[in-house]
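Below is one structure, written out as structure tokens; comments come after it.
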Amino acid sequence: MNQPRLATKDDMPRVLELINELAVFEKEPDAVEVTLEMLESDGFGEHPKFTCFVVEVDNKVEGMALVYMRYSTWKGEALHLEDLIVSQSQRGKNIGTMLLDEVVKYGKSLGVKRISWEVLDWNEPAIKFYENKGAKVMRDWDVVQLNEKEIDNYLKEI
């Protein structure tokens, strides 16, 4: 198993496979709209919208962590961990820890005041993993979103 490294454009097909694997695990197999072309242009264009770390096992990407900058009105610059995904066949082999370690080191190098992410309330193994690493799971907060259709509907009402 290799140490985490920055992903390259060539890693994006496998990263997309991992994203789809996560969608199936989270019981939303048809929810992924991002395409390979989007990942390549958004992550590796003139102004990258995200940073991605990967871990390889036997020359195959088996884990990834995708992060991007946010701004907290309370804290200042913050790093958002969009997804940390380890292929199901490789879970329990320290890949998740390696990736989270890399994300935290990266956030520290950027001088962020907070690193944040979401976890599904039924994903107890992930919750325990994060709590064991010292993360605070804020169960009294709810995630609020508008999807593309809801954005359009909202704008029709104003």
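The values are calculated or read from the model by the stated rules, or taken from the named source; none is laboratory data. For clarity, every value in this text was computed on a predicted model and none was experimentally measured. Reconstructed Cβ throughout: ideal geometry from the backbone, glycine too, with neighbour counts over all protein chains shown.
Below, the figures for the structure above:
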read-out: TYR106 vs. criteria in contact with a Ser or Thr (Cβ under 8 Å, 6 or more places away or on another chain) and either surrounded by 15 or more Cβ atoms within 10 Å (Cβ to Cβ) or modelled with pLDDT under 95 (or both); value: yes
read-out: Subset tally (residues that are in a helix (DSSP H, G or I) and free of Cβ contacts under 8 Å to residues at least 40 places away in the same chain) for the range 13-41; value: 12
read-out: Filter result for the condition that a residue is closer than 28 Å to GLY134 by Cβ and in contact with a Pro (Cβ under 6 Å, 6 or more places away or on another chain), over VAL103, VAL55, VAL15; value: VAL55
read-out: Scope the range 22-76; condition surrounded by fewer than 12 Cβ atoms within 10 Å (Cβ to Cβ), acidic (Asp, Glu) and farther than 20 Å from LEU99 by Cα; matching residues; value: GLU28, ASP30, GLU33, GLU37, GLU46
read-out: Helices (runs of 4 or more DSSP H) contained in the range 61-158 and holding at least 2 residues within 21 Å of PRO4 (Cβ to Cβ) and either touching a residue at least 60 places away in the same chain (Cβ under 8 Å) or β-branched (Val, Ile, Thr) (or both); value: 95-110
read-out: Test result for ASN132, over 25 Å from GLU28 (Cα atoms) and among the polar types (S, T, N, Q); value: yes
